[in-house]
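Taking it in order: structure first as structure tokens, then the write-up.
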Amino acid sequence: MPPPPFLPPATIGILGGGQLGRMLALEARRAGYRVAIFTDESPGCPAGQFADLEINARYDDQAALARFLSAVDVVTAEFENIPDVCLQAVEGLKPLRPSRKAIHTTQHREREKLFLRDQGIACAAFRIVENLAELQQAILELGFPCVIKTAAFGYDGKGQCKVNADTDLATAWQSFEGHHAVVEQWVPFVCEISVVGARSVDGRMAVHGVVENQHAHHILDLTIAPARITPAIADQALELWEAVAVGLDYVGTMAVELFVTADDQVLVNEIAPRPHNSGHYSIDACRFNQFQQQLRAICGLTLGDPSQHSAAVMINLLGDVWPGATVHPDWSPVLNHPRAKLHLYGKAEARAKRKMGHITVLGDTLSEALESAAEIKRAIFA
Ligand code: AMP
């Protein structure tokens, strides 16, 4: 017998206070749930702005955690870099979805890569190294170019270093000294894609489809939905997403980022145990969006229809576009456009590379959405 579902006005507990928590909180409150946020950010954080309760404390503050846990019925996380002591405390008292094991595996590149290898899931060839000698040996085996990535707490290209034949390895290793690192073969990809979907408590899965991602300075810049790929590549990507979801016995919304190579191979790059930036288009372009699916999955309900009803392009808005820390760009080209929607995350100050919001541009066809997106980008980024 599956456990009974959580129905409104149950309280959804969210670990983390950023934009992903905010968009989940919005969906939860729309459906009549209550929301409690636990975050180490300052009061009034993006998710806290839509919460019934916001607790601001360190993730290892047991007294604050106990207060949070006494207020919630079910707990999820809006980012993966949550200390294990916190996950343990939550797991001992309330349903944690996805599980501590799924978050623990995917919050650390070494554990994630070993999971992929164990499950036989295609990814770039890699070695785990702890010192310069092991790095040299790994590169001898993998060949140039390679990329060194910190095992712990890396995202959006942070803690990464590409090495070529002319790179001084001793210098490159300096910033990784004393840590575990993953050395990965460089993948000469033709495009980057991702799959966002959800898995329910009873193991049913629903994915939004495959989207194409363009990055600038390692941060997502544009998502094109659906991806301009062949059905055979899309099938491989969907199979890989399913293999990861089943392998982790995952419950909730999960994203898998993938590389497509020139010879039509699809390789897993990264797993995100939460909704994902590349799934934001689903808010405006899918019957059920990634946050509604997350809510249904963690509450033990049947997933909604994830299918896409309009072609879409998502433009990420980083703080770099803001003329000043608190001075907004002129949003009128978006707000006056009949098929563009502005989403801002309520962050008090803009900073370089900080994710401040996104724009979704819809179209009857993908080329129409791409044309409108280019027009809006020209107007905003001019
Ligand atoms: P990550 O933080 O691992 O997702 O990496 C950020 C970006 O760096 C990816 O989206 C790719 O554009 C690039 N990248 C990371 N790993 C590799 C690799 N092994 N080969 C080629 N590009 C990579």
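Per residue, how much accessible surface does the stretch 125-185 expose to a 1.4 Å probe? Answer in Å², no decimals. Intermediate values should be presented prior to the final figure.
Working: 3110 Å² over 61 residues.
Per-residue value: 51 Å².
About its Cα centre, how strong a charge dipole does the stretch 189-381 have in debye, to the nearest 20, once Lys and Arg get +1 and Asp and Glu get -1 at the Cβ?
Values: 15 positive and 21 negative charges, 157 e Å.
Roughly 760 debye for the stretch 189-381.
Evaluate the chain: find the radius of gyration of its Cα atoms, find its Kirkwood radius, and give the ratio Rg to Rh. Could the numbers behind the result be given before it?
Numbers: Rg = 20.6 Å, Rh = 21.5 Å.
With Rh from the inverse mean 1/r over Cα pairs, Rg/Rh is 0.96.
Taking a probe of 1.4 Å, how large is the accessible area per residue of the stretch 309-353, in Å²? Before the final figure, lay out the partial values.
Details: 2290 Å² over 45 residues.
Heavy-atom SASA per residue in the stretch 309-353 reads 51 Å².
How would you order 20-32, 216-228 from highest to lowest mean count of nearby Cβ atoms within 10 Å?
Details: 20-32: 22.0, 216-228: 18.2.
By packing density, highest mean first, the sequence is 20-32, 216-228.
For the stretch 125-185, what value does the Rg/Rh ratio take when both radii are computed over Cα atoms and Rh is the Kirkwood radius, given to two decimals? It would help to have the intermediate numbers written out before the result.
Details: Rg = 10.2 Å, Rh = 11.2 Å.
Checking Rg against Rh, the ratio lands at 0.91.
For Ser332 and Gln137, what is the calculated FRET efficiency with R₀ set at 41 Å and r taken between the beta-carbons, to the nearest 0.05?
Numbers: r = 57 Å, r/R0 = 1.40.
The formula returns an efficiency of 0.10 here.
Per residue, how large is the accessible surface of the stretch 11-96? Use a 1.4 angstrom probe and give square angstrom. Display every interim value, and only then the final one.
On the way: 3260 Å² over 86 residues.
For the stretch 11-96, the per-residue accessible area is 38 Å².
Could you tell me the center-to-center distance, by alpha carbons, between the stretch 275-309 and the stretch 75-139 in angstrom?
A separation of 24 Å, based on Cα centres.
Can you list which of the GluC sites (Glu not before Pro) found in the stretch 344-382 are DSSP loop residues with at most 16 other C-beta atoms within 10 Å? Display every interim value, and only then the final one.
Numbers: sites: Glu349, Glu368, Glu371, Glu375; in loops: Glu349.
Hits after loop and neighbour filter: Glu349.
Carbon and sulfur atoms: what percent of the 1.4 Å accessible area of the stretch 1-73 do they account for? Don't jump to the answer; show the numbers that get you there.
Numbers: 1800 of 3290 Å².
Carbon and sulfur together cover 55 percent of it.
Using a 1.4 angstrom probe on the protein heavy atoms only, could you order Phe153, Phe288 from most to least accessible area? Kindly include the intermediate steps, with their values, before the conclusion.
Working: Phe153 115, Phe288 55 Å².
Accessible-area ranking of Phe153, Phe288, largest first: Phe153, Phe288.
Ser310: net charge of surrounding residues, Cβ under 13 Å, Lys/Arg +1, Asp/Glu -1, itself excluded? Working shown, then result.
Working: positive: Arg287, Arg339, Lys341; negative: Asp284, Asp364, Glu368.
Net of charged neighbours comes to 0.
Any idea how many Lys pairs in the chain come in under 21 angstrom at the alpha carbon, given 8 or more places apart or on separate chains?
Qualifying lysine pairs in the chain: 15.
Going highest first, how would you order 96-106, 159-169 by mean Cβ packing within 10 Å? Write down the numbers at each step before the final one.
Numbers: 96-106: 21.6, 159-169: 13.5.
Listed from highest to lowest mean packing, they are 96-106, 159-169.
Could you work out how much longer the chain between Ala262 and Leu114 gets when fully extended? Use 0.36 nm per residue separation minus the Cα distance between them, nm to one decimal. Can you show the working numbers first?
Values: separation 148, 0.36 × 148 = 53.28 nm, distance 2.54 nm.
Working it through step by step, the gained length comes to 50.7 nm.
Where does the chain land at 222 nm, in deg cm²/dmol rounded to the nearest 500, when only DSSP H runs of n ≥ 4 count, each adding -39500 (n - 2.57), divided by all residues?
So the calculated ellipticity at 222 nm is -9000 deg cm²/dmol.
Suppose R0 equals 25 Å. What FRET efficiency, 1/(1 + (r/R0)^6) with r the Cβ-Cβ distance, do Ser70 and Ala152 give to the nearest 0.05?
0.20
Within the set of other residues whose C-beta is less than 13 Å from the C-beta of Gln292, count the net charge using Lys and Arg as +1 and Asp and Glu as -1. Intermediate values should be presented prior to the final figure.
Working: positive: Arg29, Arg30, Arg287, Arg296; negative: Glu27, Asp284, Asp305.
Local net charge: +1.
Given the peptides 185-194, 237-246, arrange them by the average over their residues of other C-beta atoms within 10 Å, most packed first.
On the way: 185-194: 18.1, 237-246: 19.7.
Peptide ranking by packing, descending: 237-246, 185-194.
Return the carbon/sulfur percentage of the accessible area of the stretch 111-213, one whole number, probe 1.4 Å, all protein chains in place.
Values: 2420 of 4830 Å².
Carbon plus sulfur share of accessible area: 50 percent.
Quote the convex hull volume per residue of the stretch 1-146, based on C-alpha atoms, as a whole number of Å³.
Working: hull volume 23.6 nm³, N = 146.
About 162 Å³ per residue, rounded to a whole number.
The values are calculated or read from the model by the stated rules, or taken from the named source; none is laboratory data. As the structure is a prediction and not an experimental result, all values here were calculated from the model. Cβ atoms come from the backbone with ideal geometry, glycine included; neighbour counts cover every protein chain shown. Heavy atoms of the whole protein, side chains included, go into the accessibility calculation; ligands, DNA and RNA do not. Shrake-Rupley method; radii C 1.70, N 1.55, O 1.52, S 1.80 Å.
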